[in-house]
Amino acid sequence: MQNLAPFFQSYDLTTLQWVLMGLSGLLIGMSKTGISGVGLMVVPILANAFGGRPSVGLLLPILLFADVFAVTWYHRHAQWKHILRLLPWAFAGIVLATLIGKSISDQSFNRLLAALVMGGIAILIWRDIKSDKIKVPRSRWFAGVLGLLGGFSTMIGNAAGPVMALYLLSMRLPKNSYIGTGAWFFFIVNLSKVPLHIWSWKTITVNTVLLDIMVLPSIAAGAFLGIWLVRLLPEKYYRLLVIATTLLSALLLF
């Protein structure tokens with residue numbers, strides 16, 4: 001353990017930052033095993049701890065690690081027609097977000113990130129309130145709008161979960177197909193963002209990847225914890241807690 005001390009000290013992180021990294025891995029793991037929405041909490045948590053732009057690059061490899069778990073388990077259930085319909089628009093949104101995010105100040109980036117998180121919360125609340133009372137469009141323009149918005153929000157803040165959930169739910173996919181389709185979509189999209197973070201925003205480095213690798217045990221623990229919590233907690237009260245804490249964290253970004 002003493003031999004590892006210089007390695008950990010080289011990151012010059014506070015105890016709180018180490019704790020938040022572990023917590024983020026735990027929450028991301030939970031989000032990939034059925035606790036939908038909880039991953040959104042990680043965005044403002046890391047942004048407040050490390051800064052808006054750096055936190056986005058720090059979070060991306062963690063998401064990719066978790067995506068591998070999800071794709072491995074649910075890959076056979078993906079419906080590729082929906083993935084292929086969304087991807088071109090998502091890529092366009094990623095390019096747009098890259099150009100905008102590179103040219104604005106850190107303060108403006110934080111505010112944009114907070115706005116996207118709060119927008120995602122609004123979608124979650126709207127979806128819960130309306131449920132099956134309204135008919136969601138299923139046309140190509142609907143896929144285009146959500147794909148573009150999803151690509152933009154995932155590049156700026158890794159916060160496209162609610163947008164993708166809205167689309168997949170509107171397609172009325174079975175549970176396994178819902179998870180499998182979303183898993184493959186986010187794996188492809190997150191992988192495509194890596195070069196942009198490395199060479200354009202310069203938010204992913206060897207050091208940040210090594211730091212993310214240390215979070216792998218937390219991701220795995222979160223995945224198993226998510227499975228257990230799904231069986232234990234009533235969905236209604238859990239979602240209210242997630243929405244309230246995420247909203248509070250997003251407000252702190254302003």
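Considering only residues in segment 54-73 that are among the β-branched types (Val, Ile, Thr) and in contact (Cβ under 8 Å) with a residue 60 or more places away in the chain, the one that is surrounded by the fewest Cβ atoms within 10 Å (Cβ to Cβ) turns out to be VAL68. Comparison of THR203, THR246, THR181, THR208 shows that the only residue that is in contact with a Pro (Cβ under 9 Å, 6 or more places away or on another chain), assigned to a helix (DSSP H, G or I), hydroxyl-bearing (Ser, Thr, Tyr) and modelled with pLDDT of 80 or more is THR208.
Remark: pairs (first residue in segment 37-53, surrounded by fewer than 24 Cβ atoms within 10 Å (Cβ to Cβ); second residue outside any helix (DSSP H, G or I); Cβ separation under 7 Å; 6+ apart in sequence or on different chains) = ASN48/LEU253; ARG53/TRP201; ARG53/THR203.
Within segment 35-85, the set of residues being under 15 Å from the mean Cα position of the chain (by Cα) and of a type in the set (Gly, Ala, Ser) comprises SER36, GLY37, GLY39, ALA47, GLY52, SER55, GLY57, ALA66, ALA70. Annotation: of all residues in segment 77-117 being touching a Leu at 6+ places or on another chain (Cβ under 9 Å) and in a loop (DSSP other than H, G, I, E, B), the one that is farthest from MET41 (Cα to Cα) is GLN79. The residues of segment 27-71 that are closer than 21 Å to GLY180 by Cα and either in contact with a strand residue (DSSP E or B) (Cβ under 7 Å, 6 or more places away or on another chain) or not in a helix (DSSP H, G or I) (or both), listed by number, are LYS32, THR33, GLY34, ILE35, SER36, GLY37. Among residues of segment 153-167 being aliphatic (A, V, I, L, M) and either in contact with a strand residue (DSSP E or B) (Cβ under 6 Å, 6 or more places away or on another chain) or assigned to a loop (DSSP other than H, G, I, E, B) (or both), the one that is surrounded by the most Cβ atoms within 10 Å (Cβ to Cβ) is ALA159.
The values are calculated or read from the model by the stated rules, or taken from the named source; none is laboratory data. Just so it is clear, the structure is predicted and the values come from calculations on it, not from any experiment. Don't worry about glycine lacking a Cβ; one is built from the backbone with ideal geometry, like all the others, and counts go over all protein chains shown.
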